[in-house]
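K.L.:
Have a look at this one before I ask anything.
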């Protein structure tokens, strides 16, 4: 209706008449659209005018840009869910094929690593989870996390032009601030991996006002970095395209090609770091990526030790 108005104001009374609903119902719907990311100019005398709209996710546009055989071909787009991880896990248990993709416009309880909550407002980001059925031991799951990071980083650079980089193990940064997180959750049965759910959260078109105050200095979005709105449907398709290509390479050639690609996109290597894990706090320099996906850290006494899990903090200092 607002598009048909050609940018002109429509009074609440006129909207009510056209839709056959009450003025109160019109007001409630305007509020819902605002919550979904639409911006309205409002005038007591003139009514409402659509000032800016978000680009809704479009299954046809996503499918049209896929170059994959499996990934993203089984696609569900939800208006709202608690977590795409939960939705994809349900489908995996029901026998959904590898590559099944669940995307949501909004998550109310998005999940990050170590039980953290992922801020997922409506109409602004890419909140998606994919079913994986990898062949291999449980120890391969960390490698798939790194593979996913490479795929997402390449897709982001391709679609938005933002020079994102990878912070070990699963975050993507731009200008030192987080813009994407990746979460792989594995279901183990009889000592092997029955399936994995790969969750990806990309802050695509969020603006500073979309974040809680406590996050604003720590996070960023592709829109804030590039200055333009990102086509989320194109970004989703690009992630699936890149992931399937690397997933096939991994199956054929093992982890080494992925490891080299990861190192080329890393913002971690060469940096002074602090690692916080079950052993406490340790300081050193990020030296390289091990053959299993572990981070190799050179300590202050010159020893090189593996880091398999934990949180790391980056410092600007580089080791000569």
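The values are calculated or read from the model by the stated rules, or taken from the named source; none is laboratory data. Just so it is clear, the structure is predicted and the values come from calculations on it, not from any experiment. In this analysis, Cβ positions are derived from the backbone assuming ideal geometry, glycine residues included, and neighbour counts consider all displayed protein chains.
K.L.:
Residue 39: surrounded by 15 or more Cβ atoms within 10 Å (Cβ to Cβ) and at pLDDT below 80, yes or no?
P.N.:
Criteria not met by residue 39.
K.L.:
Restricting to the range 154-180, name every residue that is touching a strand residue (DSSP E or B) at 6+ places or on another chain (Cβ under 9 Å), outside any loop (DSSP other than H, G, I, E, B) and without any contact (Cβ under 8 Å) to a residue 60 or more places away in the chain.
P.N.:
Result: 171, 172, 174, 177, 178, 179, 180.
K.L.:
Would you call residue 98 outside any helix (DSSP H, G or I), in contact with a strand residue (DSSP E or B) (Cβ under 9 Å, 6 or more places away or on another chain) and farther than 23 Å from residue 63 by Cα?
P.N.:
So residue 98 does not fit the description; no.
K.L.:
Step by step: first the residues of the range 207-227, then only those that are in contact with a strand residue (DSSP E or B) (Cβ under 8 Å, 6 or more places away or on another chain) and assigned to a helix (DSSP H, G or I), then the one that is surrounded by the most Cβ atoms within 10 Å (Cβ to Cβ). Which residue is that?
P.N.:
Filtering first and then ranking leaves 222.
K.L.:
Condition (residue is more than 24 Å from residue 132 (Cβ to Cβ), at pLDDT below 90, over 20 Å from the mean Cα position of the chain (by Cα) and outside the structural domain of residue 70 (by TED's automatic domain parsing)) applied to the range 285-300: is it met by at least one residue?
P.N.:
yes
K.L.:
Out of (1) crowded, with 19+ Cβ neighbours inside 10 Å; (2) modelled with pLDDT of 95 or more; (3) farther than 16 Å from residue 132 by Cβ, the odd one out for residue 67 is which?
P.N.:
It fails just one condition, (1).
Quick grid of which residues meet (1) in the same structural domain as residue 63 (by TED's automatic domain parsing); (2) assigned to a strand (DSSP E or B); (3) surrounded by 20 or more Cβ atoms within 10 Å (Cβ to Cβ):
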position	(1), (2), (3)
182	yes, yes, yes
187	yes, yes, no
194	yes, yes, no
197	yes, yes, yes
205	yes, no, yes
229	yes, no, no
236	yes, no, yes
239	yes, no, yes
249	yes, no, no
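K.L.:
Moving on. Is it the case that residue 147 is surrounded by 24 or more Cβ atoms within 10 Å (Cβ to Cβ) and either outside the structural domain of residue 307 (by TED's automatic domain parsing) or at pLDDT below 95 (or both)?
P.N.:
Judged against the criteria, residue 147 is a match.
K.L.:
Could you check, for the range 310-320, whether at least one of its residues is more than 23 Å from the chain's Cα centre (by Cα) and surrounded by 15 or more Cβ atoms within 10 Å (Cβ to Cβ)?
P.N.:
No, that holds for no residue.
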